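What follows is a short report on a single structure.
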Amino acid sequence: MDRKQPDANPPPPPLPGRVTDFFNKVAPRADRSPLSELQERYREKRAEDRRALQGTPPMPNFHGTEYIVELRIREWMMRMEKEQRDAAKHKPKPPQA
C-alpha cells in the first residue's frame, strides 16, 4: 500500500484578519510613488489650513481613544498646576532677618 509521508514543510497557518488588514495599510501601494503620496499629504494639509483660516475648523473625533487620552492628560496637568498653586499659597514664608 502506498502511504503518504507527512509534509516536511507544512504551509503556515493563515494570518488573522486584523494582521492582514494592518499589512495592507502599511504596505506601499504600487500605484502611488512616495512623491505622489507626499504631494497628496501636502494638498490635504493645505486644504485643512484653508478651512481653519476660513472659520470652519475640522471637527475632532470626540469618541476616539486619542482624544480621551489627551483629555485625561490635560485634566491631570490642570489638577497638578492647581495643587502647586495651592501649595505655594499655604507655604509659610521664611522669616526675614
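Where a number appears in this text, it was derived from the coordinates with a stated rule and is not lab data. Bear in mind that the values here come from a model prediction, so they are computed numbers and not experimental data. Here Cβ is always computed from backbone atoms with ideal geometry, including for glycine, and neighbour counts include all displayed protein chains.
Quick rundown of the values:
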{"quantity": "Prolate/oblate/rounded call for the chain, Cα gyration tensor, a/c under 1.5 rounded", "calculated": "oblate"}
{"quantity": "Cα-based shape type of segment 33-90, given that a ≥ b ≥ c are square roots of the gyration tensor eigenvalues and the cut on a/c is 1.5", "calculated": "prolate"}
{"quantity": "Signed unit charges on C-beta, dipole axis of the chain, positive-most listed residue GLY17, MET80, PHE62", "calculated": "MET80"}
{"quantity": "Folded to 0 to 90 degrees: helix 34-53 orientation relative to the chain principal axis, Cα", "calculated": "30"}
{"quantity": "Sequence-distant lysines (8 or more away, or on other chains) whose Cα lies within less than 21 Å of LYS93", "calculated": "LYS82"}
